[in-house]
């Protein structure tokens, strides 16, 4: 794959200077873990990158080759990619023009620093993330909970739901497999397992688990820290956990334990109204980002796995 823009070069996976790459991510406002090299190695082995200058600006490329064609895709467990660090609109659009000219199929999400207008040729969709600044006191944070959320927390407390931080990764994955409606593919489960192990072993990840009065695990959530942002990356609840509102208990405890910190709790947003209501009920505020698509393929893509 040859780049048409002389200022931007394609760097293949084995040739990427991972130290300089991660330093660029660290200079970014949001320091998104989705674009850090170790994280990319887990979710998209063999990833490549576009690099401007001496890693002044970078962009992860997740390319999948199918039927002799290259597809630029957004991998699972990575809500946003795009150009890092903070770049002027002209620089961002040079990157986007570069990928537009190289790929016949693109489906990616840009990070929240991207602004319009975008180069011609793309289908742009507005997407909403939900984030909560944890710098306020626990009292203020609680006051910003919705009435519905406060009722659900009281319900969990009345039903004697307890929360711990000692759940092992295997126990979490067993719970995830147990919950039918949130089952992932075998490959995605393997990726999730690697992410949890990475988080726990590096000290960047933690699992909060909720138990009913009979000490039976009913809900759990995996949080992943990076810089000043902590991602609510994955969660699972049994029917009992949903009935006793145990996930409300988990998230409220996490928020109160990290009150008056410089952290941003990133819920990752959701297009499902009930889930979005759950997040916003804790006082989370919308953060806009964009989905970017292009399809110049001469054939339908129904055969392609999402």
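The values are calculated or read from the model by the stated rules, or taken from the named source; none is laboratory data. Just so it is clear, the structure is predicted and the values come from calculations on it, not from any experiment. Here Cβ is always computed from backbone atoms with ideal geometry, including for glycine, and neighbour counts include all displayed protein chains.
State which residue is surrounded by the fewest Cβ atoms within 10 Å (Cβ to Cβ) when the search covers only region 199-213 and only residues that are farther than 24 Å from residue 245 by Cβ and out of contact with any strand residue (DSSP E or B) (no Cβ under 7 Å at 6 or more places or on another chain).
If we take residues in region 199-213 being farther than 24 Å from residue 245 by Cβ and out of contact with any strand residue (DSSP E or B) (no Cβ under 7 Å at 6 or more places or on another chain), then 203 is surrounded by the fewest Cβ atoms within 10 Å (Cβ to Cβ).
List the number of the failed condition for residue 81; all other conditions in (1) without any contact (Cβ under 8 Å) to a residue 60 or more places away in the chain; (2) farther than 23 Å from residue 264 by Cα; (3) touching a strand residue (DSSP E or B) at 6+ places or on another chain (Cβ under 8 Å) hold.
(2)
So which residues in region 105-131 are touching a strand residue (DSSP E or B) at 6+ places or on another chain (Cβ under 8 Å), surrounded by fewer than 14 Cβ atoms within 10 Å (Cβ to Cβ) and in a loop (DSSP other than H, G, I, E, B)?
116, 121
Sort through 166, 162, 185 and tell me the only one that's modelled with pLDDT under 95 and either farther than 22 Å from residue 252 by Cα or touching a strand residue (DSSP E or B) at 6+ places or on another chain (Cβ under 6 Å) (or both).
185
Against the definition (assigned by TED's automatic domain parsing to the domain that holds residue 225 and more than 23 Å from residue 270 (Cα to Cα)), how does residue 166 come out, yes or no?
Answer is yes for this residue.
On the basis of being under 25 Å from residue 150 (Cβ atoms), surrounded by 15 or more Cβ atoms within 10 Å (Cβ to Cβ), at pLDDT 95 or above and touching a strand residue (DSSP E or B) at 6+ places or on another chain (Cβ under 9 Å), does residue 269 make the cut?
So residue 269 fails the test.
Of all residues being surrounded by fewer than 18 Cβ atoms within 10 Å (Cβ to Cβ) and part of a helix (DSSP H, G or I) in region 23-34, which is modelled with the highest pLDDT? Just the residue, please.
Top of the filtered list is 23.
Got a sec? Which of 61, 96, 73, 67 is at pLDDT below 95 and within 25 Å of residue 296 (Cβ to Cβ)?
Being at pLDDT below 95 and within 25 Å of residue 296 (Cβ to Cβ) holds for just one of 61, 96, 73, 67, which is 67.
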